[in-house]
1. What number, rounded to the nearest 500 deg cm²/dmol, is the helix-based mean residue ellipticity at 222 nm of the chain, given -39500 (n - 2.57) per DSSP H run of at least four residues and division by all its residues?
2. Contact order normalised by length for segment 33-83, with contacts defined as Cα pairs under 8 Å and 6 or more residues apart; what percent is it?
3. Helix 253-272 sits at what angle to the longest principal axis of the chain, using alpha carbons and giving 0 to 90 degrees rounded to 10?
4. Over the Cα atoms of segment 33-83, how large are the radius of gyration and the largest Cα-Cα distance (Dmax), in Å?
5. Please return the longest stretch of the chain lacking exposed loop sites, where GluC sites (Glu not before Pro) count only if DSSP places them in a loop and at most 16 other Cβ atoms lie within 10 Å.
6. Got a sec? Which residues in segment 294-313 would a label at Leu27 touch, if it sits 7 Å along Cα→Cβ and we count backbone N under 20 Å?
7. Expressed as an acute angle from 0 to 90° and rounded to the nearest 10, what is the orientation of the C-alpha long axis of helix 278-290 relative to the principal long axis of the chain?
8. List the pairs from Lys89/Lys185; Lys106/Lys185; Lys89/Lys192; Lys53/Lys77 whose alpha-carbon separation is above 18 Å, in the order I gave them.
Amino acid sequence: MMRKIQLPFTQTQKVRYERAIERLQSLSSTANSDASVIVTDTIPVNHEDAFLKGHGTSEVEGELLATVCGVVERVDKLVYVRTLRARYKPEVGDIVVGRIIEVAQKRWRVELNFTQDGVLMLSSMNMPDGSQRRRTSVDELNMRNIFVEHDVVCAEVRSIQHDGSLQLHARSQKYGKLEKGQLLKVDPYLVKRSKHHFHYIESLGIDLIIGCNGFIWVGEHVEVRDPVMIDDQKDDEMMISSSSTKEQSHTPLETRQNICRIGNAVRVLSNLGFTVTVEVITETVNLSNSKNVGIYDMIGSEFHVLVAENEAERRRQKRKK
């Protein structure tokens, strides 16, 4: 199910775009048995074999009908409709990116693109010095030294409470505050759960975190330090002068340009309704470089058409293999 976008296409661009979308739809329909459906569409099933009705389906007069718009999914005997443009549906273990909206007693409230805000407890955080100990009243008073309102953070879903609220934790060096980058938002259904949501694009020196909740972080690469080495480095860090600290806080122009280029690639993929993965993002960035498309021009009509055509060709080549 491809998304219709509103862009100032020329007549030629419109024809090219529609042709690319038709190719994508034909490849999608022939490559798998799953089909895009709208409300009241009939879902083909083999009535001789037993099947289970899942979410978004209803049996009427012996036929299985869709009750929501989306894509038909089949897991063994279970048949259900995966809704499109739905809000984030959390699962324990999800990697999420969010923004701090409140510093409360022994906890932070985090906006997660969900019906309720997430809760990150002070006891579920790694201390800045990396020590493993009980949290004290002094730690609670110093909570704003860790996170304040509007800070962007990365965490993991620890549990889902009975009222639907999410408990988060960040007990790893790879979690915590995110700086020197962009926070992007896409529809959560464009993000597929996978084993790896933390990516380092080495050729560009950029960290990419694709949150399951539809928030995506693109930022300057940060080395994850081993907590065992933190104590050994304390004395050295105390000797760093303020001038060198300022130098370290400066983000080079090339890095900022790479962040913007990757960010625009994500925006284009989101506009087109394509699944957002590190492979597709990297390919979109490479396409912009090979076609000498400027960073600002990436959000224009012509590049949207190029990406659609490139995606159609990529899927065709993948199908041949």
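The values are calculated or read from the model by the stated rules, or taken from the named source; none is laboratory data. Small disclaimer: the values here were computed from a predicted structure and weren't measured. Ideal geometry is used to build each Cβ from the backbone, glycine not excepted, and the neighbour counts take in all protein chains shown. All accessible areas refer to the heavy atoms of the entire protein, side chains included, with ligands and DNA or RNA removed. Shrake-Rupley method; radii C 1.70, N 1.55, O 1.52, S 1.80 Å.
1. When only DSSP H runs of four or more count, the value is -10000 deg cm²/dmol.
2. Taking the mean separation of contacting Cα pairs over the length of segment 33-83, I get 42 percent.
3. Here the helix axis deviates by roughly 30 degrees.
4. Rg then Dmax for segment 33-83, in Å: 9.6, 27.
5. 224-321
6. Only 302-313 pass the distance filter.
7. Here the helix axis deviates by roughly 90 degrees.
8. Lys106/Lys185
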